[in-house]
Amino acid sequence: MPLLTLKTNISLDNKTSLAEILSKATADLLEKPESYMMLNIEDEQCLIFAGNHQPCALISLKSLGLPEALTTELSSKLCEIIHSQMTIDPSRIYIEFNSPERHMWGWDSRTF
């Protein structure tokens, strides 16, 4: 049930292909079926970083049982993808990792 949300202050023409790339990469790194992945991309957001409006991104990755030992690798890979696909410098990307308890995440009329 991984959910990756990407917010950025730039306009994106390639949202669909970017979502597909991020979905596959995240599922692979988490070793979870991509059939459970959900992506939300929000471009043209009012985001400033370090006091200016240069391109930046905020990523939130929520997944049940998210291994803390993977966060460095996930950060590296996600920043690499964002930099290559959106030309945003990795120093202007924040990533929030969240591992909710199973009873705090609903799906298909029940919780996990």
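Table for the structure above
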quantity	calculated
Between 0 and 90°, nearest 10: helix 15-30 axis offset from the chain longest Cα axis	50 degrees
Leu18 - accessible surface, heavy atoms, 1.4 Å probe, Å² rounded to 10	0 Å²
Which of Thr87, Gln54, Ser75, positive extreme of dipole for the chain (C-beta unit charges)	Ser75
Loop-located GluC sites (Glu not before Pro) in the range 6-52 whose Cβ has at most 13 other Cβ within 10 Å (DSSP)	Glu31, Glu44
Local net charge near Ile10, Cβ-Cβ under 14 Å (Lys/Arg +1, Asp/Glu -1)	-2
Sites matching chymotrypsin sites (Phe, Trp or Tyr not before Pro) across the range 18-109 that sit in DSSP coil, with at most 16 neighbouring C-beta atoms within 10 Å	Trp105
With Cα atoms, 0 to 90° folded angle of helix 71-86 axis to the chain main axis	50 degrees
Virtual spin-label span in nm between Lys15 and Glu44, 7 Å along Cα→Cβ	0.9 nm
Accessible area, probe 1.4 Å, largest first, for residues Thr8, Thr111	Thr111, Thr8
Thr72-Lys32 FRET efficiency (beta carbon distance; Förster radius 22 Å; 0.05 resolution)	0.75
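The values are calculated or read from the model by the stated rules, or taken from the named source; none is laboratory data. Because the structure is a prediction, the values reported are computed rather than measured. Note that we place each Cβ from the backbone using ideal geometry, even for glycine, and neighbour counts take in every protein chain shown. The protein model used for the area step is the full one, side chains on, heavy atoms only, and it has no ligands, DNA or RNA in it. Shrake-Rupley method; radii C 1.70, N 1.55, O 1.52, S 1.80 Å.
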